[in-house]
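Comments concern the structure below.
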Amino acid sequence: MLEQRKIEQLFRQNYSEMNHLARVILGNDGEAEDVVLDIFLRIASSDRWRGTEGRRPQGKPIEISDTEASDQESASESKSRHYLLVAVRNACLNRIRQKQLHEKVKNLLPIDAEADFQPIDKQQERLEDIAAFVDKQMEEPHRSIFHLRFDEDQTIAEIARRVGLNPNTTYKYLAQCMEHIRKHFNIH
């Protein structure tokens, strides 16, 4: 783990700028703070930030002058700042993509007010009919994606990891499956 002192120094030097960037991108103070803190948590558990400055691959110290050390330190701080700001930007963009994907999935099947007033046994029968249709009429990976989403209540990201597909491709297959179901059962 990265030395506590170095993490605290990175945090003090860069937190406000990172938080400001995340707020500008996300437009939400709470989410911005979550993004920045997640980045620091990843740093704290990462080997990437371990200091190897001033060491050869064999671990023997290199002798350097004070001015060289100062130049290396300021270059290192500049690289760290740049890395952290890029990490914030990427984390914010990922969060936005996840929200958009979540909204797409949420809007795939509109709430059917009529179904809400049907007896539970009728609703259960209809769900069983839909599941049977998917099992008989759909091919892979549509069938697996449908069951993972609605039987196991997994997110698109979880399904994508499990079936080895891109989340956008997974969403596309789920949307195609839902369209076939709508057409077959005349759901508008």
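Once you've got the Cα coordinates, tell me which of 6/99; 79/99; 104/183; 99/183; 99/122 are over 25 Å apart. Please list the in-between numbers first.
Details: 6/99 33 Å; 79/99 30 Å; 104/183 19 Å; 99/183 27 Å; 99/122 33 Å.
The pairs that break the limit, which is 25 Å between Cα atoms, are 6/99; 79/99; 99/183; 99/122.
The alpha carbon centroids of segment 75-100 and segment 134-188 are separated by 32 Å.
Computed from the coordinates by the stated procedures, all read-outs in this text should not be read as laboratory data. What you see is a predicted model, and the numbers here were worked out from it, not measured in a lab.
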